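First comes the structure, then the notes that go with it.
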Amino acid sequence: MSELGFMEKLLDGVEVKKISLAEIAVKISSGGTPRAGVAEYYGGDIPWLRTQEVVFGDIFDTGVKITTKGLDSSSAKWIPENCVIVAMYGATVGRVGINKIPMTTNQACANIQVDENVANYRYVFHLISSQYEYIKSLGTGPQTNINAGIVKNLKISIPCPNNPEKSLAIQAEIVRMLDTFTELTTELTTELTTELTARKKQYNYYRDQLLSFEEGEVEWKALGDIAEYSKFRISYAEVDSSTYVGVESLLQNRAGKIDSVRTPESGNCTQYCVDDILIGNIRPYLKKIWYADRTGGTNGDVLVIHPTDTSVNPRYLYQVLADDKFFEYNMQYVKGAKMPRGNKPKIMEYLVPIPFASNTEKSLVEQGRIVSILDKFDALTNSITEGLPWEIELRQKQYEYYRDLLLSFPKPEVAA
């Protein structure tokens, strides 16, 4: 029998009663904050939780520790492990977590110590997590806060309320299944992240190797000798969200571009063409670069590098300019502090290695070989990068589907 079939049998015909969190809790409390700026209140060994650390999971430690004096001077108080914690303030309102060690919290946390004779604390955690959007909608005021009274009155479904032993058995089985999905998502995320890190490390190694040449095999040419900034213009009427490239639509870390959310409504733009290289010129350390596969337009915040030397493969030039060495060079000459911009004349002085420059045919073959290898690593790295959030989202939706299914109890049949 499948696990889902087992659950259907387990839940078949059970009585379900909706009761408030106050009725299944030993205690529901909030915490407090020692006065800021008093050195002797902070830096101790007492874990002190803030709501930004409540993110739908287990909490094993806190970013801030307070001292005994800090604890005694405020309304912060110890809570035992395995409380279900609900964030009550601002952007974090409605988020849920479980503390896995005894700790203290600030006043924005509602700490629910569940009565283990009535409810499984992880069952309560999953139930409250499923009400996240509803809880957020209860917020009021400029920061959309909720209060402990709202938390105490939240309703949850308890199966077999008159048979605690059976009720806890059902709750435990639901928890087992939902925790299994959570663990699978965590394992998958870790596995994909590790794979991505390894591929990026391997990619950077091969990039360094492929773009390093022996003496006599390479000629260094200034970028300005083999390319120029685009001199062409294109009307605003000829571009759309796919062909207009603003700096905000270029993705960080060489990840290409997305469609623009806005396009110009008048005037002309700098034109780019197929095989041109677009580089974000604001905050060069963000490594925004894109190899154009179409014709379109951009603005002054994006540099359009137009190759002019036919003995240089445009894709090879892109790979050279996508290297960390170029962005490190660019950052040496930026202008401005808060919003640094690349120095356009200095960029054109950047030295590009041209292998076997005295033999154009041989040089282009070597450039093509390097491009072929690096493009394969690009494709592999990007597929993992793009697949990671998609896989995580897919697993999360799968978890939410089964959670909602398992927490939607069948109604008992009524005798005729």
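Counting only residues that are free of Cβ contacts under 8 Å to residues at least 60 places away in the same chain, over 27 Å from LYS201 (Cβ atoms) and over 26 Å from the mean Cα position of the chain (by Cα), the stretch 312-341 holds 6 of them. State yes or no: is GLU133 in the same structural domain as LEU71 (by TED's automatic domain parsing), without any contact (Cβ under 8 Å) to a residue 24 or more places away in the chain and not in a strand (DSSP E or B)? In short, no.
Kindly establish whether ILE66 is in contact with a Pro (Cβ under 9 Å, 6 or more places away or on another chain), crowded, with 18+ Cβ neighbours inside 10 Å, farther than 29 Å from GLU116 by Cα and not polar (S, T, N, Q). So ILE66 fits the description; yes.
Against the conditions (1) part of a helix (DSSP H, G or I); (2) of a type in the set (D, E, K, R); (3) at pLDDT below 95, LYS338 satisfies every one except (1).
When the residues of the stretch 198-227 are filtered to those that are in a strand (DSSP E or B) and among the small types (Gly, Ala, Ser), the one that is surrounded by the most Cβ atoms within 10 Å (Cβ to Cβ) is ALA227. Among the residues of the stretch 289-327, those identified as under 30 Å from ASN359 (Cα atoms) and either in contact with a Lys or Arg (Cβ under 7 Å, 6 or more places away or on another chain) or charged (D, E, K, R) (or both) are ILE289, TRP290, TYR291, ASP293, ASP309, ARG315, ALA322, ASP323, ASP324, LYS325, PHE327.
Annotation for the stretch 156-169: no member residue is outside any strand (DSSP E or B) and either under 28 Å from the mean Cα position of the chain (by Cα) or more than 23 Å from VAL26 (Cα to Cα) (or both).
Residues of the stretch 261-284 that are touching a residue at least 40 places away in the same chain (Cβ under 8 Å), under 21 Å from LEU374 (Cα atoms) and either of a type in the set (Ser, Thr, Tyr) or assigned to a strand (DSSP E or B) (or both): ILE277, ILE279. For the stretch 79-105, the set of residues classified as touching an Asp or Glu at 6+ places or on another chain (Cβ under 9 Å) and of a type in the set (D, E, K, R) consists of LYS100 only. When the stretch 359-387 is limited to residues that are at pLDDT 90 or above and among the hydroxyl-bearing types (Ser, Thr, Tyr), the one that is surrounded by the most Cβ atoms within 10 Å (Cβ to Cβ) turns out to be SER363.
The values are calculated or read from the model by the stated rules, or taken from the named source; none is laboratory data. Here the structure is a predicted model, which is why all the values come from computation and not from measurement. Ideal geometry is used to build each Cβ from the backbone, glycine not excepted, and the neighbour counts take in all protein chains shown.
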